């Protein structure tokens, strides 16, 4: 009955019914919700879209009772569920700032966000949204912020790592579902780093405190016994907000960050490709579009005009981060940028391998754009052409694919520094494999070595 990833909060569990999203509440969860649902800050946050819209669902109470719960509320369904290790730096930072802003507003009305997991947030386009309303509870006298360590491990340390060291945080969040521990991150810092804002108090001292304490509960208990107060939490939140707001990641360039503006194939073929994509996208309304190797989102923007949701995916971190920033300035709510390496995709993981599901378990595209990408997967990432096409066919979606033949200068560059073992890569082999998996609806020549194909899986 319940969603596999919703078991960690005993006071509320998520379940789906007839395509709608519900949260089953325990008696304690219901008491907390009845208190916080009336708070002005939460009403404002739901109205602005920063907290998922939530309403009572008395009709689901009987179903919830069958599973040992007491009542149910209904949540607005998010168009797509992403994971923090698929976000860019600016996306994680935006979610971190929203967590702190909601904390600040909640404290002013005697409430608190007891959790601070990055998994509590999703993106509606470029807008971060808190989806775990069960994490908002009344503030009890002497209560410490139990989510502080979680905030550090899943927000603060990953952002510091990328801002200070230029190291991408995604592999660390993907590798450990609870994020970077204080002890782990403190070992990554130099003596010079300890003079940076927040390093001594939130990293070194935090690691030292955890080492001296037998458990996080003992730390929280000692804080309460010494007279922990709301003002102390508020001061901590204010300080963290200044630190996070000051963290920046601004590399000059990356492999693909300037490709869309300067590459010769883009300048030569862009107009024809845009017209082709426009014709395909405008032929019907699409629920979900995947733009694989999206770069700066030139074609994602076209697709967004004719679809409910576009997942714009690229393995280049800087490219995705810049795309997010531009879409954010446009107040875009249809395109969700994701850091995604198709040759090393997000697996299903967590408890029993079902807590955080793979991309294909979370999204089913109607249309896939695969433009000037397949040669990078086959030659650059050493995948088999047959496997790549078989995977595309398994999506059961309409495909717009740009094939780049061996004579193209970019393919020659990929082959220049390695032995050419790619006997499976060529136009004849491509067409033979394509016709086994797809019906070719349309072809559009670009340059001498590039062709656009509109494909329908058999």
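The values are calculated or read from the model by the stated rules, or taken from the named source; none is laboratory data. Keep in mind it's a predicted model, so treat the numbers as computed, not measured. Here the Cβ is made from the backbone with ideal geometry for all residues, glycine too, and neighbour counts use every protein chain on show.
For the stretch 426-458, give me each residue that is in a loop (DSSP other than H, G, I, E, B) and closer than 15 Å to residue 387 by Cα. Working first, answer last.
Step one: filter the stretch 426-458 for residues in a loop (DSSP other than H, G, I, E, B), giving 426, 446-449, 458.
Once the filter is applied, which keeps residues that are in a loop (DSSP other than H, G, I, E, B) and closer than 15 Å to residue 387 by Cα, the stretch 426-458 yields only 426.
What residue, of 161, 173, is outside any strand (DSSP E or B) and touching a helix residue (DSSP H, G or I) at 6+ places or on another chain (Cβ under 6 Å)? Spell out the reasoning first.
Working: 161 fails: touching a helix residue (DSSP H, G or I) at 6+ places or on another chain (Cβ under 6 Å).
Checking each option against the conditions leaves just 173.
Residue check: is residue 129 in a strand (DSSP E or B), within 16 Å of the chain's Cα centre (by Cα) and modelled with pLDDT of 95 or more?
Numbers: in a strand (DSSP E or B): yes; within 16 Å of the chain's Cα centre (by Cα): yes; modelled with pLDDT of 95 or more: yes.
In short, yes.
(1) at negative phi; (2) assigned to a loop (DSSP other than H, G, I, E, B): which one isn't true of residue 413, the others all being true?
(2)
Keeping to the stretch 14-73, report how many residues are under 20 Å from residue 137 (Cβ atoms) and assigned to a helix (DSSP H, G or I).
18
I need the full set of residues from the stretch 447-458 which are surrounded by 20 or more Cβ atoms within 10 Å (Cβ to Cβ) and at pLDDT below 95, in order please.
The one that is surrounded by 20 or more Cβ atoms within 10 Å (Cβ to Cβ) and at pLDDT below 95: 450.
Hey, does the stretch 65-78 have a residue that's within 20 Å of the chain's Cα centre (by Cα) and either at pLDDT below 95 or buried (at least 22 other Cβ atoms within 10 Å of the Cβ) (or both)?
Of the residues in the stretch 65-78, the ones within 20 Å of the chain's Cα centre (by Cα) are 75-78.
Those still in the list that are either at pLDDT below 95 or buried (at least 22 other Cβ atoms within 10 Å of the Cβ) (or both) too: none.
Checking the stretch 65-78: not a single residue is within 20 Å of the chain's Cα centre (by Cα) and either at pLDDT below 95 or buried (at least 22 other Cβ atoms within 10 Å of the Cβ) (or both).
Can you name every residue in the stretch 245-279 that is at pLDDT 85 or above, crowded, with 16+ Cβ neighbours inside 10 Å, out of contact with any strand residue (DSSP E or B) (no Cβ under 6 Å at 6 or more places or on another chain) and not in a loop (DSSP other than H, G, I, E, B)?
Those that are at pLDDT 85 or above, crowded, with 16+ Cβ neighbours inside 10 Å, out of contact with any strand residue (DSSP E or B) (no Cβ under 6 Å at 6 or more places or on another chain) and not in a loop (DSSP other than H, G, I, E, B): 273, 277.
Determine which single condition residue 423 fails, assuming it passes every other condition in (1) at pLDDT 90 or above; (2) part of a loop (DSSP other than H, G, I, E, B).
Looking at each condition in turn, residue 423 falls short on (1).
Return yes or no: is residue 427 more than 22 Å from residue 270 (Cβ to Cβ) and touching a residue at least 40 places away in the same chain (Cβ under 8 Å)? Step through it out loud before you land on a result.
Working: more than 22 Å from residue 270 (Cβ to Cβ): yes; touching a residue at least 40 places away in the same chain (Cβ under 8 Å): no.
When the stated conditions are applied, residue 427 does not pass them.
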